[in-house]
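Worksheet: one structure, shown below.
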C-alpha cells in the first residue's frame with residue numbers, strides 16, 4: 001500500500017479514521033472527523049468517499065458519518081472474539097442473575113484488557129467497563145489475571161514498565177506485583193478493591209483453552225466491602241469452567257485446597 005508524503009500508509013490512515021468514532025462521538029461531520037484524526041479535510045474526504053462505497057461508513061439524516069453495518073459484518077466473520085462471546089454469554093447471564101452484580105468478559109490486547117461483553121445489573125454500583133472498551137492491564141483485576149498466567153518473559157516486561165497510579169489502591173511496585181501475581185496463580189482468582197474505581201471491587205478468574213492457555217478473564221464487579229468471596233469465587237470458577245467446556249476444552253477439576261478458599265471476613 002502506497003505511503004503518503006509523511007510516510008504514513010493509507011491503511012494506517014483508514015484505521016485512524018474508523019477509530020475516531022466511539023461512545024462519545026458515534027456520529028461526526030467530515031470536518032470534525034478531519035480535526036480528530038489530524039488530517040487535511042481533502043484527504044479525509046477522499047478516504048471517506050471510498051469507505052462509503054464499501055459500506056464501512058454511512059451518513060445519517062443530518063449528513064454525519066457513522067460506522068456502517070458492513071464494518072460489523074466483516075469483523076464478526078470468523079472472529080475468535082465472536083466465538084468466545086457466543087460461548088460465554090449464556091453462562092454470563094446465569095452468573096448475572098445468580099450474583100446480582102455486573103459481569104464482564106475481557107481479552108488481552110497489547111497492554112490493555114479489551115472487553116467483549118458486559119452485562120449490567122439493574123441496581124449495582126459504578127462499572128466503567130463497556131463493550132469494545134479498554135482498561136490498562138495493571139488497573140483492573142482481569143488484567144492481573146492475564147499477567148499472572150502469562151509466560152515469565154511477558155510478566156517481566158510488564159513488571160519493568162512504568163505503571164501510573166490510577167487510584168491510591170493501584171498496585172505499581174514491581175515487588176508487590178510479583179507477590180500478588182504468585183498469589184493469583186496459587187489461588188486461581190484475584191479480588192482487587194478500588195484500583196481504578198474507588199467504590200468498587202473486581203473479582204476475576206481465568207478462562208482456559210487447550211494447553212491451559214488463558215484466552216479470557218471473567219469478572220464480577222461488586223461494591224467495595226461487599227465482595228462475599230466465599231460465595232462469589234466458587235460461582236466464578238464454575239462459570240469459567242463451563243465456558244472452557246463450551247470452547248472445547250475440558251479443564252481438570254482439582255480438589256480445592258483449604259488455603260485456596262476465600263475466607264468470609
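For this structure, a couple of remarks:
- Positions within segment 84-100 being closer than 12 Å to residue 220 by Cβ, touching a helix residue (DSSP H, G or I) at 6+ places or on another chain (Cβ under 8 Å) and surrounded by 16 or more Cβ atoms within 10 Å (Cβ to Cβ), in sequence order: 92, 95, 99
- The set of residues in segment 24-47 that are in contact with a helix residue (DSSP H, G or I) (Cβ under 7 Å, 6 or more places away or on another chain) and assigned to a helix (DSSP H, G or I) comprises 30, 31, 33, 34, 37, 41, 44, 45, 47.
- Per this entry, residue 107 is not counted among residues that are outside any helix (DSSP H, G or I), in the same structural domain as residue 223 (by TED's automatic domain parsing) and closer than 18 Å to residue 192 by Cβ.
- Residue in segment 156-168 that is in a helix (DSSP H, G or I) and out of contact with any helix residue (DSSP H, G or I) (no Cβ under 7 Å at 6 or more places or on another chain) present: yes
- Among (1) surrounded by fewer than 17 Cβ atoms within 10 Å (Cβ to Cβ); (2) touching a residue at least 24 places away in the same chain (Cβ under 8 Å); (3) in contact with a strand residue (DSSP E or B) (Cβ under 7 Å, 6 or more places away or on another chain), the one test that residue 29 misses: (3)
- Check on residue 148, in contact with a strand residue (DSSP E or B) (Cβ under 8 Å, 6 or more places away or on another chain), closer than 24 Å to residue 249 by Cβ and assigned by TED's automatic domain parsing to the domain that holds residue 228: yes
- Filter result for residue 116 (under 27 Å from residue 231 (Cα atoms), modelled with pLDDT under 95, outside the structural domain of residue 20 (by TED's automatic domain parsing) and touching a helix residue (DSSP H, G or I) at 6+ places or on another chain (Cβ under 7 Å)): yes
- Taking every residue in segment 71-97 that is more than 24 Å from residue 53 (Cβ to Cβ) and pairing it with any residue that is loosely packed, with under 15 Cβ neighbours inside 10 Å, at least 6 positions away or on another chain, the pairs with Cβ-Cβ distances below 7 Å are 82/76.
- Index of the failed condition, residue 206 passing every other in (1) touching a helix residue (DSSP H, G or I) at 6+ places or on another chain (Cβ under 6 Å); (2) modelled with pLDDT under 95; (3) crowded, with 20+ Cβ neighbours inside 10 Å: (2)
- Residue in segment 42-62 that is on the phi > 0 side of the Ramachandran plot and surrounded by fewer than 13 Cβ atoms within 10 Å (Cβ to Cβ) present: no
- Residue count for segment 55-67, restricted to those that are part of a loop (DSSP other than H, G, I, E, B) and closer than 14 Å to residue 20 by Cα: 2.
- Options 222, 216, 182: the member that is at pLDDT 95 or above and surrounded by 13 or more Cβ atoms within 10 Å (Cβ to Cβ): 216
The values are calculated or read from the model by the stated rules, or taken from the named source; none is laboratory data. None of the values given here were measured: they were computed from a predicted structure. No Cβ is skipped: glycine too gets one built from the backbone with ideal geometry, and neighbour counts run over all protein chains shown.
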